[in-house]
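The values are calculated or read from the model by the stated rules, or taken from the named source; none is laboratory data. These numbers come from a predicted model, not from an experiment. Cβ sites come from the backbone with ideal geometry, for glycine too, and all protein chains shown count toward neighbours. Only protein heavy atoms, including side chains, enter the accessible area calculation; ligands, DNA and RNA are left aside. Shrake-Rupley method; radii C 1.70, N 1.55, O 1.52, S 1.80 Å.
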Amino acid sequence: MTGTDSFPTAAQVLVVGSGIAGLTAALRASRTAEVLLVTKGALADGATACAQGGIAGAVGPEDSPALHARDTMEAGAGLCEAEAVRLLCEEGPAAIDSLIAHGVAFDRERSGAAPGHPPYALGLEGAHGRARILHAGGDATGGEIQRALLRAVVQASRTLDGPGRLLVRERTALADLLLRSGRVLGGELLGDDGRRTRVRAGATVLATGGAGQLFAHTTNPAVATGDGIAAAWRAGAELEDLEFYQFHPTALAGPESFLISEAVRGEGAVLRDERGRRFLPAVDPRAELAPRDVVARAVAEVMRTQSGRPVLLDATAIGRSRLRERFPSIDAVLRRQGIDWSRTSVPVTPAAHYWMGGIRTALDGATTLPGLFAAGECARTGVHGANRLASNSLLEGAVFGARAGEAAAAAARHDDDSGDVPRPPRSDPSGGTAFTRGELQDLMWSRAGLLRTGSVLEAAARELADRRAAAPDSRDPFTALEDRSLLDLARLLVDRARARTVSVGAHHRLDTPAVPSLEDHAC
Ligand code: SIN
């Protein structure tokens, strides 16, 4: 690797992305390999830092990895891969221990733990048969995990020579992967000054997160534009399950989407239509704690019957002091908006939250391209199937980030390619009418969102075929790259949604049978 002042042009392992999966992969790989970690924004800009609910793990006395696996498989609507789920749930408690060892301060039981019970407070969320969600700072779990892992990365980056060396570069995006004879040999990186650098790497780990920015309403941060998934696709990696995009049922309605954690329903909040009637007990016996796809769809259906106006999240029974103590971040945001949720209901709407699909990986994070690994939301490990179980995403990042980091370091040791740095594949962004980001997001929200039909998807596909990304803006070199990623991924998602003609999990077709009727939902 070159010196720390100039931009490195080689590394044994290149890691792209700085959420829980990328930081874990980089830390693990740096035990035995020289690692370059790059991230498009600042280190803490990704979705991990926004995660409220927590991290699921079978750590309670009445819980077990088998029970956690059963809930995960059931939420996934039969499309999870059993071996991946088994690994997730069995390795989960050790991955949580490792976060604790890095200094993550999970919230503890207020009155001390019962004998045989871990010291940590365990919350309940939708479709979990046990209280098994660890949280930190009440509703700031992702922020606390990010803080602790970043501190570990900074410490590791102070090690100067040899294996264990970890360099970090912020404001650096992946433009494309470098390929020779079907093998990935690093990436072409783009700095926010517009400079491109080809970095040669024996193994590359993508941990670039999801693409919530595909949709007009999302809980994701602005950086979530799916650049890693799109680059992997352009290089020829197999993608899978792209039709399964999870919509969170309860984002604050209004111009600024803000997540209202599922844990609020775990504490007893209920959803009501605009006339104040609960509608979920008629949809599913688990009511507000049914799997996320069921709740989000029911919310969308009720909103259709009330001309698109939001439904109401009623948390008043929880009480002011508990709301403030358990959900301090949400409480602060609502108070800034003038909403006292201990006295009044909160208007909520679904929003794009998590992509179950992504780059197909094996259990060690290996993709279908030699030299390329993926972990976290951009990867499709098979643990989520058609609908992710709440709070399994941070867990997946921790478990499979470590696996991918380990495997990438091992692969880099066997890298014997000594040729020149290859050129990246080029895609042709020309032709068609340029779209604005907002137009694309509106199209995806209205035509490929929660409730889909074949004819509307066909129309969306035709419209997308005739579009191209806007020309590069010299003031912001990332925008054109992001728009290209979003357009590639929008086309792929719509194509996969057209091809799956039955409803399953988060992919719901109104033109196939068995749509639950919500006409008589009053109770
Ligand atoms: C939430 O807090 O509701 C989100 C947690 C998750 O997406 O798993």
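Only residues that are more than 16 Å from the ligand (Cβ to nearest atom) and in a loop (DSSP other than H, G, I, E, B): list them for the stretch 210-230, please. Don't jump to the end; show me each part of the working.
So in the stretch 210-230, the residues more than 16 Å from the ligand (Cβ to nearest atom) come out as 213-214, 216, 222-223, 225-230.
Those that are more than 16 Å from the ligand (Cβ to nearest atom) and in a loop (DSSP other than H, G, I, E, B): A216, A222, V223, T225, G226.
Do you know which of the residues in the stretch 233-267 that are hydroxyl-bearing (S, T, Y) and within 21 Å of A140 (Cα to Cα) is farthest from the ligand (Cβ to nearest atom)?
S257
Yes or no, residue by residue, for (1) surrounded by fewer than 24 Cβ atoms within 10 Å (Cβ to Cβ); (2) within 16 Å of C378 (Cβ to Cβ); (3) modelled with pLDDT under 95; (4) in contact with a helix residue (DSSP H, G or I) (Cβ under 9 Å, 6 or more places away or on another chain):
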| position | (1), (2), (3), (4) |
| --- | --- |
| E170 | yes, no, no, no |
| V184 | no, yes, no, yes |
| G194 | yes, no, yes, yes |
| T197 | yes, no, no, no |
| V223 | yes, yes, no, yes |
| I229 | no, yes, no, yes |
| D241 | yes, yes, no, yes |
| H248 | no, no, no, yes |
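Kindly provide the set of residues from the stretch 390-425 that are within 16 Å of the ligand (Cβ to nearest atom) and either surrounded by fewer than 22 Cβ atoms within 10 Å (Cβ to Cβ) or at pLDDT below 95 (or both), ordered by number.
A390
For the structure I just gave you, tell me whether G78 is over 18 Å from A263 (Cβ atoms), within 16 Å of the ligand (Cβ to nearest atom) and either in contact with a Phe, Trp or Tyr (Cβ under 6 Å, 6 or more places away or on another chain) or part of a loop (DSSP other than H, G, I, E, B) (or both). Even if it seems obvious, please write down each step before you answer.
Details: over 18 Å from A263 (Cβ atoms): yes; within 16 Å of the ligand (Cβ to nearest atom): no; either in contact with a Phe, Trp or Tyr (Cβ under 6 Å, 6 or more places away or on another chain) or part of a loop (DSSP other than H, G, I, E, B) (or both): yes.
So G78 fails the test.
Starting from residues that are open to solvent by 40 Å² or more (accessible area, probe 1.4 Å) and in contact with an Asp or Glu (Cβ under 8 Å, 6 or more places away or on another chain), keep the ones in the stretch 258-282 and report whichever is nearest to T349 (Cα to Cα).
This residue is R272.
Is it the case, given these coordinates, that H128 is touching a residue at least 60 places away in the same chain (Cβ under 8 Å) and either part of a loop (DSSP other than H, G, I, E, B) or open to solvent by 20 Å² or more (accessible area, probe 1.4 Å) (or both)?
Answer is yes for this residue.
Here is a check on your reading of the model: is R292 within 25 Å of W445 (Cβ to Cβ), in contact with a Gly (Cβ under 9 Å, 6 or more places away or on another chain), in contact (Cβ under 8 Å) with a residue 40 or more places away in the chain and within 16 Å of the ligand (Cβ to nearest atom)?
yes
Residue by residue through the stretch 41-64, note down the ones that are in a loop (DSSP other than H, G, I, E, B) and hydroxyl-bearing (S, T, Y).
S64
Taking the stretch 9-61 on its own, how many of its residues are under 13 Å from the mean Cα position of the chain (by Cα), among the polar types (S, T, N, Q) and either surrounded by fewer than 24 Cβ atoms within 10 Å (Cβ to Cβ) or within 16 Å of the ligand (Cβ to nearest atom) (or both)?
2
Considering (1) hydrophobic (A, V, I, L, M, F, W, C); (2) open to solvent by less than 10 Å² (accessible area, probe 1.4 Å); (3) under 25 Å from A33 (Cβ atoms), say which one F215 fails and leave the rest.
So F215 meets the others, but not (3).
Pull up the stretch 361-379, narrow it to residues that are open to solvent by 10 Å² or more (accessible area, probe 1.4 Å) and part of a strand (DSSP E or B), then point me to the one that is farthest from the ligand (Cβ to nearest atom).
Residue satisfying both the conditions and the ranking: A366.
Restricting attention to the stretch 135-144, does a residue exist that is within 16 Å of the ligand (Cβ to nearest atom), in contact with a strand residue (DSSP E or B) (Cβ under 8 Å, 6 or more places away or on another chain) and touching a residue at least 24 places away in the same chain (Cβ under 8 Å)?
For the stretch 135-144, residues within 16 Å of the ligand (Cβ to nearest atom), in contact with a strand residue (DSSP E or B) (Cβ under 8 Å, 6 or more places away or on another chain) and touching a residue at least 24 places away in the same chain (Cβ under 8 Å): present.
Would you confirm, using the coordinates I've provided, whether V270 is closer than 19 Å to E125 by Cβ and away from the ligand (no atom under 16 Å from the Cβ)? Don't jump to the end; show me each part of the working.
Values: closer than 19 Å to E125 by Cβ: yes; away from the ligand (no atom under 16 Å from the Cβ): no.
Spelling it out, it is not the case that V270 is closer than 19 Å to E125 by Cβ and away from the ligand (no atom under 16 Å from the Cβ).
Answer with yes or no whether A352 is among the aliphatic types (A, V, I, L, M), surrounded by 14 or more Cβ atoms within 10 Å (Cβ to Cβ) and at pLDDT 95 or above.
In short, yes.
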